[in-house]
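The values are calculated or read from the model by the stated rules, or taken from the named source; none is laboratory data. Since this is a predicted model, take the numbers as computed values, not measurements. FYI the Cβ positions are ideal-geometry reconstructions off the backbone, even for glycines, and counts take in every protein chain you see. The accessibility values were calculated without ligands, DNA or RNA, using every heavy atom of the protein model including side chains. Shrake-Rupley method; radii C 1.70, N 1.55, O 1.52, S 1.80 Å.
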Amino acid sequence: MPALDTQTKVAVVGAGAMGSGIAQVAAQAGHQVYLHDQREGAAEAGRDGIAKQLQRRVDKGKMQQQELDDVIGRIQPVAKLDQVADAGLVIEAIIEDLQIKRQLLANLEDLCAGDAILATNTSSISVTALGAEMNKPERLVGMHFFNPAPLMALVEVVMGLATSKAVADTIHATATAWGKKPVYATSTPGFIVNRVARPFYAESLRLLQEQATDAATLDAIIREAGQFRMGAFELTDLIGHDVNYAVTNSVFNSYYQDPRFLPSLIQKELVEAGRLGRKSGHGFYPYGENAEKPQPKTEPAHQSDESVVIAEGNPGVAAPLLERLKAAGLTIIERDGPGQIRFGDAVLALTDGRMATERAATDGIANLVLFDLAFDYSKATRLALAPADQTSEAAVSCACALLQKAGIDVSLIADRPGLVIMRTVAMLANEAADAALHGVATVADIDLAMKAGLNYPDGPLSWSDRLGAGHVFKVLTNIQNSYAEDRYRPALLLRKNAFAQKGFYS
């Protein structure tokens with residue numbers, strides 16, 4: 001289906017930050033836009049806020065004054081809802097309340113033409129439930145923007161049970177015409193992003209609860225090894241713990257208390273204490289004029305006169321690490337083996353989901369030190385190491401010294417299954433695989449949603465493929481065996497692909 005013509009008038013109901021942002025996007029795309037809010041003066045304030053934001057772009061030379069004037073000229077604040085009657089697309093961006101949204105949609109059905117598309121920007125309410133009392137629920141579609149709407153590329157086009165495919169296709173094409181990256185999703189709890197992203201927060205929260213290390217160190221590992229824009233604690237402080245905790249609880253309850261979505265007691269404590277993050281002045285980190293952010297734990301320089309590294313077997317995704325060590329002047333000797341790196345007293349191996357202590361005992365490896373996954377070992381500036389309880393201090397020092405010779409900061413963490421990046425990526429891929437299996441979205445759209453909506457360095461299913469067929473399944477199986485919890489059960493699609501020795505894109 002083609003996109004809506006720019007002659008089609010667009011109405012946005014709700015002039016808060018999200019509604020105003022959506023109005024700006026539509027106006028910049030060339031549409032005449034009605035902006036309505038039941039609060040007196042809110043629509044005018046919304047338009048003024050848009051003008052203020054765009055003026056900054058003009059002042060920086062990133063936008064012409066005439067373009068700003070044209071955009072603002074296309075946004076018309078309206079005091080009464082019936083003034084949007086001739087709009088061909090109406091997007092509601094009001095309070096997340098089922099009954100209030102239903103009443104608004106009923107009013108819009110009475111006001112607007114029969115072929116007008118009604119869209120909801122809801123992030124948490126079922127599109128099917130919103131349309132259940134409509135006369136023509138097939139005209140209702142989810143058009144879920146991400147905040148701030150003018151900057152974030154993703155739009156989730158959400159289809160309820162009755163949504164017309166033609167309507168969804170029109171909105172998908174329109175979002176593309178507006179410069180966005182739309183994805184299709186079915187109306188299930190959390191849609192794509194708010195469902196698949198839960199482990200990003202949950203695994204860091206659990207590692208903190210298990211005292212693997214502190215929040216600042218976990219965030220640094222996520223950023224500097226995983227190449228995520230922000231760590232989980234920085235991000236939840238930015239979002240607001242009341243908001244993030246509420247979404248987690250909503251998804252948890254919507255999936256009938258599935259342990260995969262179990263909320264964190266640590267985050268519950270923060271909410272109860274009023275430590276909501278940046279907006280309250282304190283969350284995991286303090287904020288304010290004189291606040292000092294805690295620094296990650298980084299190992300001091302470890303010395304080693306060793307210059308020979310023995311690579312035993314195929315290092316897999318860690319192969320760039322060996323090239324990096326070679327570039328640092330170390331001699332690499334390659335021989336057959338189980339994919340380990342020997343340096344001095346230490347035996348280093350990429351985590352496979354088992355604790356180092358268990359793996360050392362089970363596989364008979366003396367002085368084992370596990371290292372974490374990195375998005376790109378050739379560029380990682382930090383790696384997490386976890387030694388087995390049996391490993392000597394001298395071996396731990398050798399492992400630290402080896403990575404430091406390659407210019408990598410080292411954070412020693414307590415021995416926990418899957419370390420940090422590996423378990424986070426594995427759980428993201430697990431949730432993404434389950435969403436794909438259940439038809440929430442395609443593999444490609446899930447990956448696109450996580451990259452465009454949350455700026456992930458790669459989609460979780462693409463990342464899973466890069467780790468190799470069956471690798472994530474093995475990691476999750478080992479983590480589940482360690483905890484004996486259903487939370488870490490591998491998704492059926494991961495299991496099938498592992499035995500077929502194929503990836504999601506093969």
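Before moving on, here are some points about what is shown:
- Residue identified as over 23 Å from A173 (Cβ atoms), open to solvent by 40 Å² or more (accessible area, probe 1.4 Å) and of a type in the set (A, V, I, L, M) among A43, A85, A51, A132: A132
- A single entry from N455, N430 fulfils the requirement of being under 22 Å from F499 (Cβ atoms) and in contact (Cβ under 8 Å) with a residue 60 or more places away in the chain: N430.
- Scanning the range 479-501 for residues that are open to solvent by 30 Å² or more (accessible area, probe 1.4 Å) and polar (S, T, N, Q), we see that the one that is nearest to T442 (Cα to Cα) is Q501.
- Checklist (1) out of contact with any Pro (no Cβ under 8 Å at 6 or more places or on another chain); (2) in contact (Cβ under 8 Å) with a residue 24 or more places away in the chain; (3) open to solvent by 10 Å² or more (accessible area, probe 1.4 Å); (4) of a type outside the set (S, T, Y) applied to V10, failing item: (3)
- Residue satisfying all of: in the range 292-309; out of contact with any helix residue (DSSP H, G or I) (no Cβ under 7 Å at 6 or more places or on another chain) and polar (S, T, N, Q); surrounded by the fewest Cβ atoms within 10 Å (Cβ to Cβ) among these: S307
Residue-wise test of (1) more than 25 Å from D486 (Cα to Cα); (2) of a type outside the set (S, T, Y).
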| site | (1), (2) |
| --- | --- |
| A225 | yes, yes |
| R229 | yes, yes |
| D242 | yes, yes |
| T248 | no, no |
| Q257 | no, yes |
| P263 | no, yes |
| G274 | yes, yes |
| G283 | yes, yes |
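- Members of the range 362-377 found to be open to solvent by 10 Å² or more (accessible area, probe 1.4 Å) and either touching an Asp or Glu at 6+ places or on another chain (Cβ under 9 Å) or assigned to a loop (DSSP other than H, G, I, E, B) (or both), listed by number: G364, I365, A366, N367, F375, D376
- The number of residues in the range 370-395 that are more than 16 Å from L348 (Cα to Cα) and polar (S, T, N, Q) comes to 2.
- When K60 is tested against the conditions (1) open to solvent by less than 30 Å² (accessible area, probe 1.4 Å); (2) out of contact with any Lys or Arg (no Cβ under 7 Å at 6 or more places or on another chain), the lone failure is (1).
- Residues satisfying the stated conditions in the range 250-267, i.e. in contact (Cβ under 8 Å) with a residue 12 or more places away in the chain, in a helix (DSSP H, G or I) and open to solvent by 40 Å² or more (accessible area, probe 1.4 Å): S250, S254, P259, L265, I266
Per-residue answers, yes or no, for (1) surrounded by fewer than 20 Cβ atoms within 10 Å (Cβ to Cβ); (2) charged (D, E, K, R):
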site: N290; (1), (2): yes, no
site: A311; (1), (2): no, no
site: A319; (1), (2): yes, no
site: Q340; (1), (2): yes, no
site: A349; (1), (2): no, no
site: R359; (1), (2): no, yes
site: K379; (1), (2): yes, yes
site: D389; (1), (2): yes, yes
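- Output for the range 118-133, where each listed residue is assigned to a loop (DSSP other than H, G, I, E, B), closer than 27 Å to A449 by Cβ and over 22 Å from the mean Cα position of the chain (by Cα): A132
- Unique residue being among the hydrophobic types (A, V, I, L, M, F, W, C) and open to solvent by 30 Å² or more (accessible area, probe 1.4 Å) when the list is L161, L154: L161
- Some residue of the range 405-412 being open to solvent by 10 Å² or more (accessible area, probe 1.4 Å), touching a residue at least 12 places away in the same chain (Cβ under 8 Å) and touching a strand residue (DSSP E or B) at 6+ places or on another chain (Cβ under 8 Å): yes
- Test: residue in the range 209-221 that is in contact (Cβ under 8 Å) with a residue 60 or more places away in the chain, in contact with a Lys or Arg (Cβ under 8 Å, 6 or more places away or on another chain), open to solvent by less than 10 Å² (accessible area, probe 1.4 Å) and closer than 29 Å to G439 by Cα: no
- Taken together, D86, D115 contain a single residue that is within 22 Å of A26 (Cβ to Cβ) and either free of Cβ contacts under 8 Å to residues at least 60 places away in the same chain or assigned to a strand (DSSP E or B) (or both), which is D115.
- Within the range 290-305, residues that are within 14 Å of R223 (Cβ to Cβ) and in contact (Cβ under 8 Å) with a residue 24 or more places away in the chain sit with their Cβ atoms under 7 Å from residues that are assigned to a loop (DSSP other than H, G, I, E, B) and hydroxyl-bearing (S, T, Y), at 6+ positions apart or across chains, in these pairs: K293/Y285.
- Residue match in the range 38-50 (condition: under 30 Å from the mean Cα position of the chain (by Cα), of a type in the set (G, A, S) and not in a loop (DSSP other than H, G, I, E, B)): yes
- Qualifying residue in the range 347-361 (condition: farther than 23 Å from F473 by Cα, modelled with pLDDT of 95 or more, of a type outside the set (F, W, Y) and over 34 Å from the mean Cα position of the chain (by Cα)): no
- Scanning the range 321-338 for residues that are open to solvent by less than 80 Å² (accessible area, probe 1.4 Å), of a type outside the set (A, V, I, L, M) and in a loop (DSSP other than H, G, I, E, B) yields a count of 2.
- Enumeration of residues in the range 394-411 that are part of a helix (DSSP H, G or I) and not β-branched (V, I, T): A394, A395, S397, C398, A399, C400, A401, L402, L403, Q404, K405
- Apart from one condition, F191 fits all of (1) crowded, with 19+ Cβ neighbours inside 10 Å; (2) out of contact with any His (no Cβ under 8 Å at 6 or more places or on another chain); (3) in a loop (DSSP other than H, G, I, E, B); (4) of a type outside the set (G, A, S); the exception is (2).
- Single residue of V475, V440 found to be outside any helix (DSSP H, G or I) and open to solvent by less than 40 Å² (accessible area, probe 1.4 Å): V440
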